[in-house]
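Working notes, beginning with the structure itself.
Coordinate-derived values only; no laboratory data. As the structure is a computational prediction, the values presented were derived from the model and not from experiment. As a convention, Cβ positions derive from the backbone with ideal geometry for all residues, glycine included, and neighbour counts pool all protein chains shown.
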Amino acid sequence: MAFTKKKTETQELPEVLPKHVGFIMDGNGRWAKKRGLPRSFGHIEGGKTFKKIMQYCKDIGIPYASFYVFSTENWKRPQSEIDGIMKIMREYLDEVQFHLGDGVRAVFLGDKNAYPEDIKQRMIKLENDTAHHSQLTVLLACNYGGRDEIAYSARQIAEKVKAGELNPEEITEQTIADHLYTAGMPDVDLVIRPSGELRLSNYLIWQCAYAEYYFTNVLWPDFSPEELNKALIDYAGRGRRFGGV
Ligand code: IPE
Ligand code: IPE
Ligand code: MG
């Protein structure tokens, strides 16, 4: 395995980095509970980690980083917790561009219509304002579910068939991919899930078909660039065959 010498103070990074890293930001509630704090405190701390990790991805040259912010299933949570998450979202949507600086493009994955109008407008504005940036693309999965996304793709395709623009025989894997929220983005190379849970929880299920997985017991608010380095080193040592030999 070849390592470059420069990139971080604490650890050497592998030469081969994943093009797309997906982060399942889990464990906020448990982080707060361990400290006798309300769950919302965990979400606030988790937000700080999100900013830190996003910045780090940009610094080390990862071109695509996706973050699971809120799932289609998370609406089952108590209204008070959902309200707390919405409050944090508003704050981040207002300040994130300032923190991101130049070079970062934000794209939301999921149906924005489920959000209050002011949040939806902030999301659209952020996407428009950053559309021309290309150093790091940050994919924010908000009201996102992998199955919901595949159903969304199927609806778009069905509309085209209905309009006579597409023949059913012409539908390929690429057609489905081209109608997902991630159209034009690379598949996930590495999924990182902190908090000790060993599952995808409906995250980018199509795009993770050949992803590598990295699980750690660290809770998301405690996740750090050093932890990410460990995952990247682990990833670089894996043999990806994609069904070949
Ligand atoms: C992830 O942390 C944040 C969201 C799902 C919005 P959790 O809130 O799921 O934290 P745990 O899993 O209960 O610890
Ligand atoms: C996945 O975490 C969703 C996000 C991190 C946004 P959950 O906490 O909702 O997943 P489960 O319920 O443990 O599978
Ligand atoms: Mg959880």
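From Cα pairs below 8 angstrom and at least 6 apart in sequence, can you work out the relative contact order of the range 89-241, rounded to a whole percent?
Answer for the range 89-241 is 19 percent.
Tell me the net charge near Ile44. Cut-off is 11 Å between Cβ atoms, Ile44 excluded, with +1 for each Lys or Arg and -1 for each Asp or Glu.
+1
Which links in Lys112/Lys160; Lys48/Lys230; Lys76/Lys125 stretch past 25 Å when you go from one Cα to the other?
Lys76/Lys125
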